[in-house]
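Report on the following structure.
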Amino acid sequence: MSFSNKYRINLYWAAIIIILSLLPFIVPNLYQMHLINIICINIIMAIGLNIVKGFAGQVTVAHIGLYAMGAYSSAILSINYGFSFWMALPGAVIITVIAGAIVGIPSFRLQGPYLALATLAFSESLRIYISVNTDLGATIGISNIPPPVIFDFTFNDAFLYYYIVIPFTLISIYFSFKILKSKLGRAFKAIREDQLSSSAVGINLRFYKTIAFVISAVYAGLAGSLYAHLDPGFIHPNNFTLQESVLYILMLVIGGIGHIWGCIVGAVFITLIWDLTREYYQYQLIIFGYD
Amino acid sequence: MSAETILKIKDLKSGYGKVQILNGIDLEVKKGQIIALLGGNGTGKSTLIKSISGLIKPFEGSIKFYDNEISNLRPHKIVRQGLVQVTQGKEVFPDLSVEQNLKLGAFIIEDKKKVLENLQFVYKFFPILKEKRNQNAALLSGGQLQMLCIGRGLMSNPSFIMFDEPSAGLAPQIVLEIFKNINRICKSGLTVLIIEQNVRMALLLADYAYIIRDGIIHLQGKASELVNDDRVRLSYLGGTVAKV
């Protein structure tokens, strides 16, 4: 019984992977393919945010700052230091993780809206720092970020880049489920439910909060790096404003905070709505409820 | 009757922020005893056990558990030494099931078989929790919540367990049941420290009692003697002192 059940689940996964890998042959034009890549990156972002906010219950607005950190470190590493994509991505993740651990420090003492404000300060000051610093492209942004290369094969358009993004997305989703079922996940949920009781049963609050921020930073760094190298290889401080931050929180809220599948649905839904309402740019404020 | 002293507090001063609540407490707990910590509202009972379990940091003084100084340790390390606090106000993890709540109580135990053993032990102790094991903890009644808190405390195999007002907000019948259970816990080899406002009940249950007033130990003695102490009767048990 359990064997056949497991077998069936594996079959489902195989079917999903086949469909996903054939997607570029079905999608008619480049823009839609580009949009699918953005959706995948947003899924990585949303499930990363879900780990710190949904599992561990720490209200953070710093996720967008970590995303910027990942994107800019990956871009700088590959342009100024000549790293290939495959070196720049882990480099960006490491830098983002360090930043994530630092961002987690206020959570030792602050909770709820106060923590949100402290983390907001981080992401906004980082964005402003980027937009005045000429070494980081200032308000011109960084362009010509090289696409990934395997041997002599360059992943230089959205159809090809999809095959870079989709494995990372699937791996991210897989690990998110793993974390939820592990001891780590149980500790996160306990912290979300009641901090006092958590420490009374022997959970090291500081350690597990830091771990939650670090794991979400891994996701944000990964997503940022993938976004930077995505064709046309251009990033700008305006990609990382408070409005984007609100969008990611919206993805979680729509899907149901704490639910992994919900985050994925939310990410797909919000990205599509955002894209469809682009023409009505002046009404987006009403649609997404930010200002 | 010279049981081993497992907890020794010396000249403990503690409080919240800059407000000092405890003005030098000396206290001793011997193995296998039930110790009652009594006193009115705002006298520092909860502050004392929060200081012991590390939830607040003492200003000065020493707390020795067996031979280890624990006054500087953070709470999760103190739990690992076998000293568990059952918090006041029935703080459970509301959105998790009863069983998940109990399993979190055994967070520090790595051995899964041991966790299941402890779970069966707790279920034997509180059969009602086994009945409700798949329900969310938020759906339990007050008495069941208290049982869940006690059960969660027992899950980590403590040698010393502290209760912060287990009878608060419960119907008298349920209070009696909880007290019987605490007595059974002590019989199973644990040492118990209990905070109570219900002085009469606590004195019946305990072996030894401390009465706190204004952040110092006001009275102490064997529970059976304190019940008959005039000062205790006047202040805490009600009624007048019979003239002899």
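Please treat every number below as a calculation from the coordinates, not as lab data. Note that the structure is a prediction, hence the values are computed from the model and not measured. Cβ: placed from backbone, ideal geometry, glycine included. Neighbour counts: every protein chain shown.
With each label modelled as a point 7 angstrom along the Cα→C-beta vector, the residue B:113-residue A:273 pair spans 5.3 nm.
Return the long-range amide H neighbours of residue B:162 (sequence gap of 5 or more, or a different chain), with a cut-off of under 5 Å between placed amide H atoms. Those lying under 5 Å, H to H, from residue B:162 are B:84, B:85, B:86, B:193. Counting Cβ atoms of other protein chains within 10 Å of each residue's Cβ and taking the mean over peptide A:190-196 gives 6. Here the label points at residue A:94 and residue B:67, each 7 Å from Cα along the C-beta direction, are separated by 4.5 nm in the simple model.
Using helices alone, I'd like the mean residue ellipticity at 222 nm for chain B: each DSSP H run of four-plus residues gives -39500 (n - 2.57), total over residue count, nearest 500. Show your work: numbers first, answer last.
Working: 9 runs with 82 residues, N = 244.
Per the formula, -9500 deg cm²/dmol.
Distance from the alpha carbon centroid of the stretch B:9-54 to that of the stretch A:193-227 works out to 33 angstrom.
When A:274, A:86 are ordered from fewest to most other Cβ atoms inside 10 Å of their Cβ, what list results? Walk me through the numbers on the way to the answer.
Working: A:274 18, A:86 12.
So the ranking, lowest neighbour count to highest, is A:86, A:274.
Put the Cα centre of the stretch A:249-291 next to the Cα centre of the stretch B:89-141 and the gap is 38 Å. Largest GNM mean-square fluctuation across B:140, B:154, B:48, computed for chain B with C-alpha springs under 10 Å, falls on B:140. What the Kirkwood sum gives for chain A is a hydrodynamic radius of 19.6 Å, with every pair of different alpha carbons counted. Overall form of the stretch A:76-147: oblate. Here a/c, set by the Cα gyration tensor axes a ≥ b ≥ c, is 1.5 or more, and a/b is not larger than b/c.
Each residue of the stretch B:93-101 was assigned a 3J(HN,Hα) from its phi angle through the Karplus curve 6.51 cos²θ - 1.76 cosθ + 1.60 (θ = phi - 60°); the sequence is 8, x, 8, 9, 6, 4, 5, 5, 4 Hz, with glycine and proline shown as x. For B:175, A:61, A:253, A:201, the sequence from fewest to most other C-beta atoms within 10 Å is A:253, B:175, A:61, A:201.
The slack in the chain from residue A:102 to residue A:31, taken as 0.36 nm per residue of separation less the alpha-carbon distance, amounts to 21.8 nm. Principal-axis analysis of the Cα atoms of chain B puts helix B:112-125 at an angle of about 60° to the longest axis.
Please sort through the DSSP H helices of chain A and keep those with an alpha-carbon extent of at least 27 Å along the long axis and a Kyte-Doolittle average not below 0.0.
Numbers: long enough: A:2-26 (36 Å, 1.14); A:30-50 (30 Å, 1.53); A:85-104 (28 Å, 2.10); A:112-132 (30 Å, 1.00); A:158-181 (34 Å, 1.43); A:205-229 (36 Å, 0.99).
The answer, listed by residue number, is A:2-26, A:30-50, A:85-104, A:112-132, A:158-181, A:205-229.
By the count of neighbouring beta-carbon atoms within 10 Å, fewest first, A:214, B:29, A:103 end up ordered A:214, B:29, A:103.
Within the stretch B:1-64, report the trypsin sites (Lys or Arg not before Pro) that DSSP leaves as loop and that have at most 14 other Cβ atoms within 10 Å.
Numbers: sites: B:8, B:10, B:13, B:18, B:30, B:31, B:45, B:50, B:64; in loops: B:18, B:31.
Taking the stretch B:1-64 and a limit of 14 other Cβ atoms within 10 Å, the loop trypsin sites (Lys or Arg not before Pro) found are B:18.
May I ask you to derive the FRET efficiency for residue B:13 and residue B:188 from their Cβ-Cβ distance with R0 = 35 Å, giving the value to the nearest 0.05? Plugging the Cβ-Cβ distance into 1/(1 + (r/R0)^6) gives 0.55.
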